[in-house]
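J.: Structure provided below as structure tokens; questions to follow.
The values are calculated or read from the model by the stated rules, or taken from the named source; none is laboratory data. The structure presented is a predicted model; accordingly, all values stated were derived computationally and were not measured. In this analysis, Cβ positions are derived from the backbone assuming ideal geometry, glycine residues included, and neighbour counts consider all displayed protein chains. Heavy atoms of the whole protein, side chains included, go into the accessibility calculation; ligands, DNA and RNA do not. Shrake-Rupley method; radii C 1.70, N 1.55, O 1.52, S 1.80 Å.
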Amino acid sequence: MGNILQGVGDALGLAIQLVLSGDPDLLEIVFLSLRVSLTATAFACLVGLPVGALVAIGRFRGRNGVLIVMNALMGLPPVVVGLLVYLHLSRSGPLGFLGLLYTPAAMIIAQTILIAPIVAALSRQVLEDLHMEYSEQFRSLCLTRLQTIRALLWDARYSLLTVGLAGFGRAVAEVGAVIIVGGNIDHLTRVMTTAIALETSKGDLALALALGLILLIIALGVNAAVQSVRMTAARQAYV
Amino acid sequence: MSDVGAMTIASAAGAASRPALLPLSVRDLVLRFGNTIVLDGLNLDLGATGCTMIMGFNGSGKTLFLKLLHGLMQPTAGCVSWGGLQPAEVTARQALVFQKPVLLRRSVAANLDFVLRSRGKDRARTGALLDHVGLARKADQPARLLSGGEAQRLALARALATDPEVLLLDEPTASLDPASVLAIEQIVSEARARGTRIIFVTHDMGQARRMADDIVFLHNGRVAEHSAATDFFSEPRSETARHYLNGRIVV
Ligand SMILES: Nc1ncnc2c1ncn2[C@@H]1O[C@H](COP(=O)(O)OP(=O)(O)OP(=O)(O)O)[C@@H](O)[C@H]1O
Ligand SMILES: [Mg+2]
């Protein structure tokens, strides 16, 4: 017992040293993580925001069904997403010819699928509330559907930014999907979460802890960003 | 949706080429929510020009009547005809200033800019419009931080930005200070002088005396009285209008 605690203490010291010295291996992992998750967030917003907006202002048959599906998809287990993407991208799968399995592209695809429903469902709620407030005025002005959607997206920009950050937070912290489709290959598809999982099981606690620290800092940073966006918006009465 | 664009182009070419919106004729208009009867066979005819004031007790259906005229709601029964056209066909040729203005989460100028742009109008007018309603100094301020009176003036400027042929106003001066009331009345009078038909809901007796050509008094879901303003104030024909003017509650 004492040995383990001693080991953890040493590892923590080493971890902090790794972070502070800017260890190149560590930085490579961190940058790949950020690249994959930020790209996935961008794609998820590109798909999720228009879908959220259309459902928010739409009055169509089966809308309730769509809402239920959207909300259910928010809770997709990352390993299931990973497995599905794996089945499609594996050599024998329908998209196997692309040769994407075990590349950062595969990880981006998996994370996009994971968080696009989150962006769509959360933005739907935000935009629907705003539309409730604006719709009579907009009908009086005879705006087209496209004009309405563009105005809603712009006026909800601060809330939508926090929606995007929520998606990013989920993507950067998940391990199940990227480990299946990425494979945690050193210098190629090793991201923070997969490295933590692997290094811990291999007993290299220092690297795992260092990455854990950085992940924590990123999580805190995302939350701080959400807070400051909210406060800026509130100060200008733009929420 | 494309017909809205066509309409905007037509308005640039001149309103004369289009069928006139007036006279307005309302026949047997009924509006019901479940068991609540708001309008109960309302009939009304309005001529081509001037300023008509609509008055009536709280809850008498003035706001909903304006929304029906503007094509924002469907009546339970009866019809509204703007020179033979349905309200929903002519929404774009009218503007409604709501009792509670809804302003976009943008700057004051951006609120006007948005309307001018979406209606295909000249965006250079933003400055002149703000000047016109006395908000030039507030152009860059967030619109939702405006005071009640300033917000109403911005809502009025936004309505005028669409060059409406009919301007519908729902108590635009409630809770404003006397100077702001006169400022708004001045702006509305100028629009009227340019030929815009004004339909104005108010509880303000002085305002009705200053502005109205004729008064429509709503009660029990019908027009209890429709007469020239001078007659209405000197000698109201209906009992309820007399009570209203004397500040008595009628049940
Ligand atoms: N969706 C609704 N369902 C049921 N009743 C409604 C609904 N909307 C409005 N009403 C009722 O219709 C009546 C007329 O409302 P309206 O807002 O037109 O009154 P108003 O004459 O404008 O009153 P005020 O002078 O206070 O502005 C009210 O009694 C209101 O409660
Ligand atoms: Mg009202």
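J.: Checking the structure you have, find out if any residue of region B:165-180 is within 12 Å of chain A (Cβ to nearest Cβ), acidic (Asp, Glu) and within 16 Å of ligand 2 (Cβ to nearest atom).
T.: Scanning region B:165-180 turns up at least one residue that is within 12 Å of chain A (Cβ to nearest Cβ), acidic (Asp, Glu) and within 16 Å of ligand 2 (Cβ to nearest atom).
J.: Please return the ranges of helices (runs of 4 or more DSSP H) entirely within region A:84-201 where 2 or more residues are within 14 Å of chain B (Cβ to nearest Cβ). Can you show your working first?
T.: Working: elements: A:104-140, A:145-155, A:157-173, A:176-182.
Hits in region A:84-201: A:104-140, A:145-155, A:157-173.
J.: Taking the options A:33, A:37, name whichever one is over 30 Å from residue A:128 (Cβ atoms) and surrounded by 16 or more Cβ atoms within 10 Å (Cβ to Cβ). Explain how you work it out, then say what you get.
T.: Details: A:37 fails: over 30 Å from residue A:128 (Cβ atoms).
Criteria check complete, one pass: A:33.
J.: Can you name the number of the only condition in (1) out of contact with any His (no Cβ under 8 Å at 6 or more places or on another chain); (2) closer than 30 Å to residue B:120 by Cβ that residue B:187 fails?
T.: So the condition that residue B:187 fails would be (1).
J.: Which residue, of A:198, A:146, A:152, is at pLDDT 95 or above and over 17 Å from the mean Cα position of the chain (by Cα)?
T.: Details: A:198 fails: at pLDDT 95 or above; A:146 fails: at pLDDT 95 or above.
The conditions single out A:152.
J.: Which of the residues that make up region B:69-126 are over 23 Å from residue B:22 (Cβ atoms), assigned to a helix (DSSP H, G or I) and without any contact (Cβ under 8 Å) to a residue 40 or more places away in the chain?
T.: Answer for region B:69-126, where residues must be over 23 Å from residue B:22 (Cβ atoms), assigned to a helix (DSSP H, G or I) and without any contact (Cβ under 8 Å) to a residue 40 or more places away in the chain: B:109, B:110, B:113, B:114, B:117, B:118, B:125, B:126.
J.: Here is a further query. If you take the residues in region B:38-91 that are near ligand 1 (Cβ under 9 Å from one of its atoms) and among the β-branched types (Val, Ile, Thr), which one is most open to solvent (accessible area, probe 1.4 Å)?
T.: B:63
J.: Please go through region A:80-117 and pick out each residue that is open to solvent by 80 Å² or more (accessible area, probe 1.4 Å), farther than 20 Å from residue A:48 by Cα and in contact (Cβ under 8 Å) with a residue 24 or more places away in the chain.
T.: Within region A:80-117, A:83, A:102 qualify.
J.: Filter region B:27-37 down to the residues that are more than 12 Å from ligand 1 (Cβ to nearest atom) and touching a Pro at 6+ places or on another chain (Cβ under 7 Å), then identify the one that is least open to solvent (accessible area, probe 1.4 Å).
T.: In the first step, residues of region B:27-37 are kept if they are more than 12 Å from ligand 1 (Cβ to nearest atom); the result is B:27-30.
If we keep only those that are touching a Pro at 6+ places or on another chain (Cβ under 7 Å) as well, we get B:29-30.
Numbers: B:29: 0, B:30: 27 Å².
Checking each candidate, the answer is B:29.
J.: State all residues of region B:190-238 that are among the small types (Gly, Ala, Ser), without any contact (Cβ under 8 Å) to a residue 40 or more places away in the chain and exposed (fewer than 14 other Cβ atoms within 10 Å of the Cβ); if no residue qualifies, say none.
T.: B:193, B:206, B:228, B:234
J.: In region A:67-81, is there at least one residue being in contact with a Phe, Trp or Tyr (Cβ under 7 Å, 6 or more places away or on another chain) and away from chain B (no Cβ under 14 Å)?
T.: Kept after step one, since they are in contact with a Phe, Trp or Tyr (Cβ under 7 Å, 6 or more places away or on another chain), are these residues of region A:67-81: none.
Taking every residue of region A:67-81 in turn, none turns out to be in contact with a Phe, Trp or Tyr (Cβ under 7 Å, 6 or more places away or on another chain) and away from chain B (no Cβ under 14 Å).
J.: Assuming residue A:119 fulfils every condition listed in (1) more than 29 Å from residue A:227 (Cα to Cα); (2) in contact with a Gly (Cβ under 6 Å, 6 or more places away or on another chain) apart from one, which condition is it?
T.: (1)
J.: Scanning for something at positive phi and open to solvent by less than 90 Å² (accessible area, probe 1.4 Å), does region A:50-64 turn up at least one residue?
T.: Of region A:50-64, the ones at positive phi are A:62.
Still in the running and open to solvent by less than 90 Å² (accessible area, probe 1.4 Å): A:62.
Within region A:50-64, one or more residues are at positive phi and open to solvent by less than 90 Å² (accessible area, probe 1.4 Å).
J.: Considering only region B:104-145, how many residues are crowded, with 19+ Cβ neighbours inside 10 Å, within 9 Å of chain A (Cβ to nearest Cβ) and within 19 Å of residue B:173 (Cα to Cα)?
T.: Counting residues in region B:104-145 that are crowded, with 19+ Cβ neighbours inside 10 Å, within 9 Å of chain A (Cβ to nearest Cβ) and within 19 Å of residue B:173 (Cα to Cα) gives 1.
J.: Would you say residue B:66 is in contact with a Leu (Cβ under 6 Å, 6 or more places away or on another chain) and either at pLDDT 95 or above or within 14 Å of chain A (Cβ to nearest Cβ) (or both)?
T.: So residue B:66 fits the description; yes.
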